[in-house]
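We did not get these values from a lab; they are worked out from the coordinates using the rules stated. As the structure is a computational prediction, the values presented were derived from the model and not from experiment. Glycine also receives a Cβ, built like all others from the backbone with ideal geometry; neighbour counts cover every protein chain displayed.
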Amino acid sequence: MVRKLSLVLLAACSMPALADVNIYSARQENLIKPILDTFTERTGVKVNLVTGAADELIQRLTLEGANSPADLLIAEDVGRLYRAKQAGVLQAVKSSTINDIIPAQYRDSEGFWFGLSLRSRVIIYDKARVNPADLSTYADLADPKWDNKICVRSSSNIYNQSLVASMVSRNGVAATEAWVTGLVANFARNPQGGDREQISAVAAGQCELAISNTYYYGGMLNSTNAAERTAAQAVAVFFPDQNGNGAHMNVSGAAVTRAARNVDEAVQLLEFLAGEEAQAWYAEVNNEFPVRSDVAASEVLQSWGTFKADNIALEQLGIHNAEAVRLMDRAGWQ
Amino acid sequence: MDKAPEGALSSLKTGFSNRLPTLGILLLCLLLSVPVLTILASVTNSSDGVWQHLYDTVLGDYVTHSLTLLVGVGLMVLVLGIGPAWLVTMTRFPGSRILEWALVLPLAMPAYIIAYTYTGMLDVGGPLQLWIRETFELRFGEYWFPQIRSLNGAVVMLSLVLYPYVYLLSRMAFIEQSVCVLEVSRTLGATPFQAFTRVAIPLARPAIIAGLSLVLMETLADYGTVQYFGISAFTTGIFRTWFGLGSITAAAQLAAVLMIFILFLILAEHWSRQKARYHHTSNKYTRLPQIELTGWKRAGAMTYCILPVLLGFVIPFVQLSMWAVDTWHLIDKESFLTLFFNSLELASITAVIALLLGLFITYSKRLRPTLATRGMVRILGLGYAIPGTVIAVGVLIPFAWFDNTVDAWMREHFDIATGLLLSGTLVAVVFAYLVRFLPVSLNTLDAGLGKIKPTMDDVGRSMGLKPLQILRRVHVPIMRGSLLTASLLVFVDVLKELPATLILRPFNFNTLAIRTYELANQERLAEASSTALMIVLAGIIPVIILSQTISRSRPGHDART
Amino acid sequence: MTHVLELKDVSVALEGTVIVRDINLQLPQGMIGCLLGPSGCGKTTLLRAIAGFEKALHGEIKIAGHTVSNQQMCLPVEKRHVGMVFQDYALFPHLTVSENIAFGLGTMSRADKHKRVQELAGMLKIGELLNAYPHRLSGGQQQRVAVARAMAPKPRILLLDEPFASLDVELREEIAREIRLVLKHDGITAILVSHNQYEAFAMADEIGVMRAGQLLQWSTPFELYHQPACAYVADFVGEGVFLQGKVLDSARVETALGVLGGDELHGFAEGSSVSVLIRPDDVIHDDASPTTARVIDKAFRGAGYLYTLALGDGSQVQSLVPSHHRHAQGEMIGIRIEMDHLVAFAA
């Protein structure tokens, strides 16, 4: 009895008060908590946070149903935001403030989710061995000239899935599968590790090209670890498809949950996150591109030059995600 | 000794235990089996062709990779575990006293952390390969270097942190073996090595298999390492199917297949442990004669025993410490303490509950070994081999259902909204831990109780004691070692646990493991090192106590004299 | 005389098989009884039913006048106030000798416990061992501690399950006699189980011989030896052989050793064939005797030789002869019969 009682007490202590904004966040604590603290400072609205993997948080939201305490879901990529919408755990928000700030392709057409920061999935190349003039498009990566020269992480990774999904959306399944098959044939090693490891492998000479999100490269340039900085300096960024659709983009974003009981506060927080202060913070702390054009990117990002971003409606990435995964399974992308 | 068969105590026949809450035990077991049963129940659902897709593409990889992991880790832990256990028990060489307990230390090291650490050191971009390239002016590919992120790498990583289970249990068996049988074998012309291979190992086989089955279950349940190394194994496959293919049914079915496989492992282990009862050789003990090693034997034994500790603990520990020193200024010290206490709190609460429940269940089973109780205990045993995330979802589903049902009912009848009572609380977290780690407690306590002769119970009863009084005055003091072992193993396991905590925890509640994972997941290994180090440090003390407990388990054998 | 233990038509079954059937016996206050029989005869099962570890199938068990088991009820072990000594002693390894002995002294004051422990330790000569742990003790010492522990709460009856089986052969009878003295000194009623008749004789006032779940005879050792109730008891208890004989009249039988018999009636019809029990101590070596037999084997038994002798018709008897009479194999020696009771069974 004593233990049961103490557990109930423990449970009671950790129940959030109702006027707060309760967040399920796939963006990890150190990458979101500081800006949430600033929000609390500015508005007096307390924020309660659980972080975790997006899919599992969505699963939790689904199972908790109408009684879920969460008001806001934060995800690290559009694929998950789309899944959450499909799972029916989100609600549409009509905020002209937000709609004015965030370009249409970076938010859900019905207002179910909003992109808050941008990243591009780019080619990282070995400055010593690759002439950037030889680089052109994503499609070109399947060319046999790159045989045994490309490093990329597992197809279980959502960023790869989203990249492939965007191609499925544009070119259809058959053409995309042919491309993935060609790409897999060019792999220098079995997919492993994260994006930083791919960049390190390029720097170490295991491969000549890597596919990576921009903020990982930015993080390495600013790393506390000297070896990582050295590795990052040996490579450079190439934005593909500049004469075509533009470089593949993804967002981290947020959505108000269907079960939300503090909708007003949640929307207030959304607006704050889309605001100039938060946008600048995103750019500074994690080398992400602001989602609004009136906020400057960080110095590091600016040093890579301007580029043409793909303006495909990001919900397409969600729509074609499952097809992309099956296709990658068939093409043997581990 | 032909009176009362083991496990079937006389009390069964005199109707005494009828008054014990047998029904309560069954309900409790049933409650704890709900997550496992939830998953198993999925087998009957249709998965809309996902299975066909899996079968056509990746299922073969999942099976072969998982089996390779099992075989590789299995063989390697036997080599790393049994030899050193024998050497430190039966011989003396410089450092053997320290190695006795130091060999257990890797148990405090979570597999995903050792994987992060070695990757950081040995990967293409890591300091070692960098040094090779710079010193010899080579490029990648012009020199040979083992690929750390590979199936072989995963085998090595898992083996380095899991071998202590085999070490602990086989050492316990060696300590308990009668010296007489070994001496008999020597008089029959066996060399010490032959005495080891022909007598000691066969006698210790049940213990070795018990340790091995723990290792294999951990290996099957491992997600962190294989995911980090990008290996498509059963666990990673479950997640991919679930989220990538969006089929929770097919994912649950994969998990169910895993469970059925594990059920076979458990039955094999159970069978071997049943046989163990015939293996107890003597209840008279003399002091173990430890042979003083000299010359090349001494050097060989030292190397053999130091290597697992060095690779499984010292090197990663030193690397983590170096990183921690480098990044200490970046650490938020205040939240650091909170994390530490959160982790300790969860680990202690779970360890205590798992101990009490385990004792309650195993003792009831001893008093009344019905088919129902034994079957339930088997099903509970499955939890240990199930990936934490799967258990977490297995917990989420019934808890959320319960909460929502209660809420709907209360609204309808009393117009009161109760909301979520259990979901998203620490109750759910601890419950998931229990589903996952209670088997550890059950196995340890069952083995401990099994060593107490049924006549001990009879003496107690003939003196007028009730079963619970006998438990308190006879069994608990006799099996102190097992109780300590059970709670410490659970404690250390909870300390290391990640996925269930991540999914089920309440708002604003973090642990060391979560912080470590989040930083490592952002590929910021160096910054993850401080919390990783704290997990290891918090685990070291229990692990050392564990090792000491086992040293003293030989009646009349004082480890220090 | 009050009976501390009374069994009426007690049967016990284990897992559906009847192991012990229709046992009747009574043990008076202060007496030591013994259930004697080969392994598998059901003696331990019966003991465990008396203790309450097994449930009686039917019949009634009374301890100190209270019914503890009958058709309607079965009192659990802990309410029967019995003490039990197990074959493997089952000493608690985590307790010292004195703590083991004091284990059952629940509510007693500390001083009283101490007194009782000292008293028992004195009687059982284990005073020096009180602070030792069981694993340091020899088998005999462990056995004394087990007895002391069982006696400590002053049980209504003490049950001993093969108490000497784990001891060295040469110790058994000695310790059995010592323990008998202690039990007698304390006035404790006890019942033990044994497969060894010498232990039984050394320890018990009354012995019951069991075979295949049945109690064949319940009587004093002397009666058992000299007046066995059936051929099985006669054969199982003590040494001896059966000689074929012909009934001459209501008291006498003619055998190869001559006409045997005395005052008592044997109850067989005149002219019928019977087997007559001849104990080694019934056959006396007497050089003056006209009856002779040939020595075919002899075994040294310390104080005497046990001779195996062939009679004229080829049948054999045994004779216990003081060791100063020494005869070689093949020698003819004179013997005569000296028996108080004629023990004969239908052939």
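Annotated for chain B: lysine pairs at least 8 residues apart or interchain, Cα distance under 20 Å, count 17. Size descriptors for chain C: radius of gyration and Dmax over Cα atoms are 23.8, 73 Å. The string of couplings for segment C:283-289 from the Karplus curve (6.51, -1.76, 1.60, θ = phi - 60°) is 9, 9, 6, 8, 4, 7, 6 Hz, one whole number per residue in order, with x for Gly and Pro.
Between amide H atoms placed 1.01 Å from N, distances below 5 Å from residue C:20 occur with C:12, all of them 5 or more places distant or on a separate chain. Picking from C:202, C:328, C:132, which is most flexible by a Gaussian network model of chain C using Cα springs under 10 Å? Maximum among the listed residues: C:328. For segment B:332-526, taking the reciprocal of the average inverse distance between every pair of different Cα atoms yields a Kirkwood hydrodynamic radius of 18.8 Å.
Between amide H atoms placed 1.01 Å from N, distances below 5 Å from residue A:235 occur with A:127, all of them 5 or more places distant or on a separate chain.
Pairs C:125/C:154; C:8/C:154; C:79/C:154: which exceed 21 Å Cα-Cα?
Table pairs above 21 Å Cα-Cα are C:8/C:154.
Only helices reaching 27 angstrom along their own axis (Cα) with mean Kyte-Doolittle hydropathy no lower than 1.6 count here, and for the DSSP H runs of chain B these are B:525-551.
Based on alpha carbons, the Rg and Dmax found for chain B are 24.7, 84 Å.
Entry note, chain A: the mean residue ellipticity at 222 nm calculated from DSSP H runs of n ≥ 4, each adding -39500 (n - 2.57), is -13000 deg cm²/dmol after division by the residues and rounding to the nearest 500. When chain C is modelled as a GNM with alpha-carbon springs shorter than 10 Å, which of C:115, C:125, C:43 fluctuates the most? For chain C, modelled as a Gaussian network with Cα springs under 10 Å, the answer is C:115.
Backbone phi angles across segment C:33-44, fed through the Karplus curve with coefficients 6.51, -1.76 and 1.60 (θ = phi - 60°), yield HN-Hα couplings of x, 9, 9, 10, x, x, 5, x, 7, x, 5, 5 Hz in residue order; Gly and Pro are listed as x.
Modelled spin labels at residue B:264 and residue A:178, positioned 7 Å past Cα toward Cβ, are 4.4 nm from each other. For a bin width of 10 Å, list the pair-distance distribution of segment A:290-334 built from all Cα-Cα distances, rounded to whole %. Each 10 Å bin holds this share of Cα pairs: 20, 29, 25, 24, 1.
Taking every DSSP bridge with both residues inside the protein assembly as shown, close to 70 percent are antiparallel. Taking only Cα atoms, what is the 0 to 90° angle, nearest 10, from helix C:169-186's long axis to the longest principal axis of chain C? Tilt of helix C:169-186: around 60 degrees. Springs join every pair of Cα atoms under 10 Å in this Gaussian network model of chain A, and among A:139, A:247, A:266 the largest mean-square fluctuation is at A:139.
Computed from Cα atoms, the angle from the helix A:158-171 axis to the main principal axis of chain A rounds to 70 degrees. With N counted as the residues of segment C:78-226, its alpha-carbon radius of gyration over 2.2 N^0.38 Å works out to 1.06.
For the protein assembly as shown, build the charge dipole from Cβ charges (+1 Lys, Arg; -1 Asp, Glu) around the Cα centre, then report which of C:84, A:280, C:114 sits farthest towards its positive end. Sorting the options by dipole projection puts first C:114. The share of C-alpha pairs in the protein assembly as shown whose separation exceeds 41 Å stands at 58 percent. Given +1 at the Cβ of Lys and Arg, -1 at the Cβ of Asp and Glu and no other charges, the dipole of the protein assembly as shown around its Cα centre is 1820 debye to the nearest 20.
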